[in-house]
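The structure under discussion is supplied below as structure tokens; questions concerning it will follow.
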Amino acid sequence: MLNDTMIEPAERELTDLIYAALLGEKSWQEFLDRLNALIPGGVSTLFFHDQKSGEGGISLAAGLDADTARDYAAYYVGLNPWMHNVARTPLGTGIIGERIVPRDAFVRTEYYADFLRRREIEAGVGVTLWREETCSFLLSTLTTRIDPEENQHVADLLTRLSPHLTRAFRYYRTGRSGGALAQFGGSLLDAPDVAVIVVGEGMRLRAASPRAETLLSAGTAVGLTAMGTLRLRDEASAALLKRMLSRGYTGPRSRVVYLGAYRLTLVKAEAEGATGYFSGLAATLILEEARPADAPDIGWLARSYGLSPAERRVAEGIAAGLTPIQVAERGGTGLETVRGQLKAVYAKTGVNSQAGLVRIAFRFPSPR
């Protein structure tokens, strides 16, 4: 039974395990198992809950089998009365369940009667470690012990552990763990014509290779908003990326599209368990110069739509990812001249934007 005299040594041991897990010397499962060993009839979990969608799941558990964890995510997450008020609980403060939902009301819920009571669990203690938009990330312990004063000792311990666990979120999510780009290997990252970008939830930039930083600064195919989030010129690719960064996404794990002169590969990260819990949802973008066989046949396009030689040069430049200013500089003509020629191209091809012109250009691929 955990009491005041046990708090300090337990805190020291568990804190050591947190940093050992961050350094790869121990596993997060070992940390959770050790915490759970302190709890009578304990079930300890690292889990998340999205207030907006009502969805949630258990990323790592001690004292809980995989089937029960799946049952929670599939059904009982919507019945958990503690989660209805979790967004109003303070970050970093361990709280016993009775402070969120009075016990007399709690024991009348289906969640208690059908999910907890069948497993002889009576009460819970939790701490919210991190919030991202409408999603909360928590450490929870469930116990057979009913006495709120005794469970408060566990809440106090979770409060003490919280700052260290919060550092784990920052460590993983800012890329300081070194793993965000390492999976692609040095040769790819050093390639002068390949850019690798890692983004997390909310399209927030996590990491970028040297080539990617150059492209982001130029803002031609990809760029950053004033809020520091990723911006993709192609709306369809941006929409797909946002779907990949949503919980419950079941679509393709990768997709290849073309943005002017660039081939873009979108890859949804596969991080699971504790690593995925702390690092959050992520996707990787790989931008590389399209091979000649991937480029549009501008001659075919020009013949099909009756473009003049000057209009063809403008269309070719836009399809290659250049801006009107860059097209003008490359051709030694004035910007207004290029704009006039571009309007003529729009009129002949029936589009009204550079993105539309690029899409129609790639209907005419070079012969392979």
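Have a look at V125, V154, S136 and report the one farthest towards the positive end of the charge dipole of segment 123-170, computed about the Cα centre with Cβ charges (Lys/Arg +1, Asp/Glu -1).
Value: S136.
Starting from the Cα of L224, step 7 Å along the direction of its Cβ; do the same at R117; then give the gap between the two resulting points in nm.
5.5
With springs connecting C-alpha atoms under 10 Å apart, model the chain as a Gaussian network and identify which of P324, P148, P102 has the largest mean-square fluctuation.
P102
While we're looking at this one, here's another question. Thinking of segment 9-124 as a set of Cα atoms, what percent of all their pairs are more than 26 Å apart?
Looking at segment 9-124, the distances longer than 26 Å represent 23 percent of pairs.
Report P(r) for segment 198-352: all Cα-Cα distances, bin width 10 Å, range 0 to the bin holding the largest distance, values in whole percent.
Once binned at 10 Å, the Cα pair distances of segment 198-352 give 10, 33, 30, 18, 7, 2.
Suppose only helical runs count, i.e. DSSP H with n ≥ 4. What mean residue ellipticity at 222 nm does that imply for the chain under -39500 (n - 2.57) per run, divided by all residues and rounded to the nearest 500 deg cm²/dmol?
The per-residue figure over the chain is -12000 deg cm²/dmol.
Oh, and also: Considering Cα pairs under 8 angstrom that are at least six residues apart, work out the relative contact order of the chain and quote it in whole percent.
Answer for the chain is 12 percent.
How compact and how long is segment 86-151, expressed as Rg and Dmax of its alpha-carbon atoms in Å?
For segment 86-151, the Cα radius of gyration and maximum Cα-Cα distance read 12.4, 34 Å.
Separate question: Among A123, A328, A105, determine the one that fluctuates most according to a GNM of the chain built with springs between C-alpha atoms less than 10 Å apart.
A105
How many nm separate the modelled label positions at S27 and E11, each set 7 Å beyond the Cα in the direction of the Cβ?
2.9
Given +1 on the Cβ of Lys and Arg, -1 on the Cβ of Asp and Glu, and no further charges, what dipole in debye does the chain carry about its Cα centre, rounded to the nearest 20?
For the chain, the charge dipole is close to 1940 debye.
Can you give me the % of accessible surface on the chain that is carbon or sulfur? Probe 1.4 Å, all protein chains present, nothing else counted.
Carbon with sulfur: 52 percent of the solvent-accessible area.
For the chain, what Kirkwood radius comes out of the mean inverse Cα-Cα distance, in Å?
Final number for the Kirkwood radius of the chain is 23.7 Å.
Can you list residues whose amide H is under 5 Å from L60's amide H, if they're 5+ apart or on another chain and H is modeled 1.01 Å from N?
Amide H neighbours of L60: L46.
With charges set only on the Cβ (+1 for Lys and Arg, -1 for Asp and Glu), what does the dipole of segment 198-266 come to about its Cα centre, in debye to the nearest 20?
So the dipole magnitude of segment 198-266 works out to roughly 200 debye.
What number comes out for accessible area per residue over the chain if the probe is 1.4 Å? Units Å², please.
Per residue, the chain has 47 Å² of solvent-accessible surface.
For K52, give me every one of the lysines with a C-alpha distance below 20 angstrom, ignoring sequence neighbours fewer than eight places off in its own chain.
The reachable lysines, counting only those whose Cα sits under 20 Å from K52, are K242.
Okay, next question. So what J values fall out for segment 315-323 if you push phi through Karplus, 6.51 cos²θ - 1.76 cosθ + 1.60 with θ = phi - 60°, rounded to Hz, Gly and Pro as x?
Along segment 315-323, the couplings run 4, 5, x, 5, 5, 7, x, 7, 7 Hz.
P(r) of segment 222-270 in 5 Å steps, Cα pairs, percent per bin?
5, 19, 30, 24, 16, 6, 1
Here is a further query. Of E55, E8, E98, which has the most accessible area with a 1.4 Å probe, and how do the rest follow in descending order?
Of E55, E8, E98, the descending order of accessible area is E8, E55, E98.
Taking segment 1-108, which trypsin sites (Lys or Arg not before Pro) meet the DSSP loop condition and have no more than 14 other C-beta atoms within 10 Å?
Answer by residue number: K52, R108.
The values are calculated or read from the model by the stated rules, or taken from the named source; none is laboratory data. Predicted model only: the values in this text are computed from it and were never measured. As a convention, Cβ positions derive from the backbone with ideal geometry for all residues, glycine included, and neighbour counts pool all protein chains shown. Note: areas computed on protein heavy atoms with side chains; ligands, DNA, RNA excluded. Shrake-Rupley method; radii C 1.70, N 1.55, O 1.52, S 1.80 Å.
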